[in-house]
Amino acid sequence: MALVRRLVEKGGEDMAANQPNAAFRKWRAADQTRSDAVITAARNGDEDALRYLVFALEAKGKPDSAMQSAKATGPEIQKTWQDKLRKNVK
């Protein structure tokens with residue numbers, strides 16, 4: 001996830017900059033345990049996992065949680081999502 005983040009950051013503002021995100025989503029979708037690993041890492045406070053949590057929740061069929069994750073920012077992510085993940089995502 002750190003590599004994907006760095007590639008997107010280095011890509012700048014052009015439309016191709018988000019291609020690493022698309023590749024990560026495709027890779028993660030090929031095996032559900034990959035989404036589980038992202039969720040577990042986010043539950044443990046991993047910043048990159050929190051950044052990509054929306055993709056994992058989307059793959060797990062939790063669109064409402066994914067939408068809330070996409071809207072959350074900064075400390076709100078840490079507090080709100082760690083609490084919700086501990087309770088709701090299995």
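Quick note: the coordinates plus some simple rules give every number you see, no bench work behind them. Being a predicted model, the structure only gives us computed values, none of them experimental. Methodologically, a virtual Cβ is constructed for each residue, glycine included, from the backbone with ideal geometry; neighbour enumeration extends over all protein chains shown.
Within the same chain, aspartates and glutamates fewer than 8 places from Lys26 are excluded, and of the rest, those with a Cα less than 16 Å from its Cα are Asp36, Glu58.
In terms of other Cβ atoms within 10 Å, Lys26, Lys60 run from fewest to most in the order Lys26, Lys60.
Compare the peptides 42-55, 6-19 by average per-residue count of other Cβ atoms within 10 angstrom and give them in order, highest first.
Values: 42-55: 19.1, 6-19: 11.0.
Per-residue mean Cβ counts within 10 Å order the peptides as 42-55, 6-19.
Working from label points 7 Å from Cα in the Cα-to-Cβ sense, the Ala23 to Arg6 distance is 1.4 nm.
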